[in-house]
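Shown next, in structure tokens, is the structure this report addresses.
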Amino acid sequence: MNTLTTASPAVDGALVFSGRFQQPLRVGLDRLREYESVLATPFDLRCYTSNRFIRSVAPYRGVRLTTLITEAGLPNAVQGEFKRTVFLAIGQDGYVVTFSWHELFNTPVGESVLVAYECDGRPLSPAEGAPILFSGADILPAPRHVKRLARIEAQVLAPLA
Ligand SMILES: Nc1nc2c(c(=O)[nH]1)N[C@H]1C(S)=C(S)[C@@H](COP(=O)(O)O)O[C@H]1N2
Ligand SMILES: [Mo]
């Protein structure tokens with residue numbers, strides 16, 4: 001699948017890949033189902049700042065973030081620059097969390113970073129937070145449990161002289 005658009009602001013429920021990808025990509029909530037899906041294990045949502053238990057979350061189904069990033073194309077204008085790429089995951093409300101290329105593609109953490117569109121066998125609606133990005137291997141999962149994920153922005157860090 002190859003959905004080419006401009007890097008325009010996200011419309012309702014659409015996820016935009018912008019910045020230093022080889023091509024901008026925009027994936028609507030329905031289109032997420034067209035990719036290979038992964039079923040997550042249930043987990044407890046806990047806030048990092050307070051350790052507060054928020055709620056137990058039934059199994060999510062979603063597509064790996066790495067699958068979508070690979071479709072948008074990692075930056076490769078300069079040899080190896082993908083290895084100094086960071087990805088900002090941005091909610092519709094402007095909430096931002098970070099991932100590194102190494103973390104996503106070169107550690108086990110990346111295998112459980114999903115863009116979820118289903119929970120407990122039921123489709124998630126935008127009102128319920130869809131699409132939800134979450135990192136299933138995090139110690140305290142709430143910070144990187146981004147509701148209403150709107151954009152993934154690729155930034156290539158400059159080499160240090
Ligand atoms: N879009 C978005 N997602 C977010 C946040 C946010 O501010 N915006 N806060 C995170 C943090 S720090 C916590 S503790 C939980 C809070 O989850 P709740 O709103 O379901 O209680 O959401 C996480 N996901
Ligand atoms: Mo939090």
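The values are calculated or read from the model by the stated rules, or taken from the named source; none is laboratory data. Being a predicted model, the structure only gives us computed values, none of them experimental. Quick reminder, even Gly has a Cβ in these numbers, built from the backbone with ideal geometry, and neighbours come from all protein chains shown.
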Restricted to the stretch 42-84 and to residues being of a type in the set (S, T, N, Q) and at negative phi, the residue nearest to the chain's Cα centre (by Cα) is THR66
Picked from the stretch 39-65 (must be among the β-branched types (Val, Ile, Thr) and surrounded by fewer than 18 Cβ atoms within 10 Å (Cβ to Cβ)), the residue farthest from ligand 2 (Cβ to nearest atom) is THR41
Could you name every one of the strands (runs of 3 or more DSSP E) located completely within the stretch 49-141 that has at least 1 residues being at pLDDT 95 or above, within 16 Å of LEU25 (Cβ to Cβ) and in contact with a Lys or Arg (Cβ under 9 Å, 6 or more places away or on another chain)?
-> 60-64, 85-91, 113-119, 132-135
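Residues are listed down the side, and each one gets a yes or a no for (1) more than 16 Å from ligand 1 (Cβ to nearest atom); (2) aromatic (Phe, Trp, Tyr); (3) more than 16 Å from PHE105 (Cβ to Cβ):
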site: LEU15; (1), (2), (3): no, no, yes
site: ARG20; (1), (2), (3): yes, no, no
site: ARG26; (1), (2), (3): yes, no, yes
site: SER37; (1), (2), (3): yes, no, yes
site: GLY73; (1), (2), (3): yes, no, no
